[in-house]
């Protein structure tokens, strides 16, 4: 049985989730239900479970702030939320899944299967993810497109371009860029990959797809022939990074 805590400030949400898990996920042992995130935080510190289902938006303490206080995590996380704009941040906490409310039973069953397939040590204690903001990097991003979450491989990103509160993501498939309501800085922190470099306030490029640096050192050309400006303050760092690849 997988020791599990349910955390949501809405009582009816934990009740519904509890019923769904009891009915469709017999491997789950619900060992704690918390409608106050601060109570959940204290209990996890005392006795961490193997898995938590946690809402994101909660009063006084949202789930990201709560989990930050518990790093490194020694349990697995499935986020439950009524909003889809938090998927990128959820990846930073190595979430096994991200379920939108109202929770669909088939999606719930699939999420629990991911937990089971990810495995547990013989001592019935989950292996720590050893997650730290300064060292973790994302291999994939869950991008909200309409009513869907599209999974993008980070290695397929040629560059990102910022335009105000929007970021356009250009991929190797050559299709129309994906438009996301996020900041470029947030993507830079999440990706946290040495192959990505902020050449300009408005551009984050993948050095693997860098084709040439023009002689005036003011522009780079990417593999898709896109010309991108280089900030004067970042030129020397870019040249130093190129030597390393």
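In segment 159-177 there is at least one residue that is in a loop (DSSP other than H, G, I, E, B) and in contact with a strand residue (DSSP E or B) (Cβ under 8 Å, 6 or more places away or on another chain). Across segment 235-245, the qualifying residues are those that are at pLDDT 80 or above and under 18 Å from residue 211 (Cβ atoms), and the one among them that is surrounded by the most Cβ atoms within 10 Å (Cβ to Cβ) is 238. Within segment 180-191, the set of residues being surrounded by fewer than 19 Cβ atoms within 10 Å (Cβ to Cβ) and touching a helix residue (DSSP H, G or I) at 6+ places or on another chain (Cβ under 9 Å) comprises 186, 189.
In segment 58-80, what residues are surrounded by 14 or more Cβ atoms within 10 Å (Cβ to Cβ), out of contact with any strand residue (DSSP E or B) (no Cβ under 6 Å at 6 or more places or on another chain) and under 14 Å from residue 34 (Cα atoms)? If the condition is that a residue be surrounded by 14 or more Cβ atoms within 10 Å (Cβ to Cβ), out of contact with any strand residue (DSSP E or B) (no Cβ under 6 Å at 6 or more places or on another chain) and under 14 Å from residue 34 (Cα atoms), then 58, 61, 62, 66 are the ones that fit. Residue pairs whose Cβ atoms lie under 6 Å apart, sitting 6 or more positions apart in sequence or on different chains, and linking a residue in segment 192-216 that is in the same structural domain as residue 164 (by TED's automatic domain parsing) and touching a residue at least 24 places away in the same chain (Cβ under 8 Å) to a partner that is surrounded by fewer than 18 Cβ atoms within 10 Å (Cβ to Cβ) and part of a loop (DSSP other than H, G, I, E, B), are 192/137; 193/137; 200/231; 206/195; 207/195; 207/245; 208/195; 209/223. Among the residues of segment 206-227, none qualifies, meaning not one is in contact with a strand residue (DSSP E or B) (Cβ under 7 Å, 6 or more places away or on another chain), within 23 Å of residue 190 (Cβ to Cβ), surrounded by 13 or more Cβ atoms within 10 Å (Cβ to Cβ) and at pLDDT below 90.
Scan segment 68-96 for residues that are part of a loop (DSSP other than H, G, I, E, B) and at pLDDT below 80 and the total you get is 7.
The values are calculated or read from the model by the stated rules, or taken from the named source; none is laboratory data. The shown structure was predicted, so the numbers you read here are calculated from the model rather than taken from an experiment. Don't worry about glycine lacking a Cβ; one is built from the backbone with ideal geometry, like all the others, and counts go over all protein chains shown.
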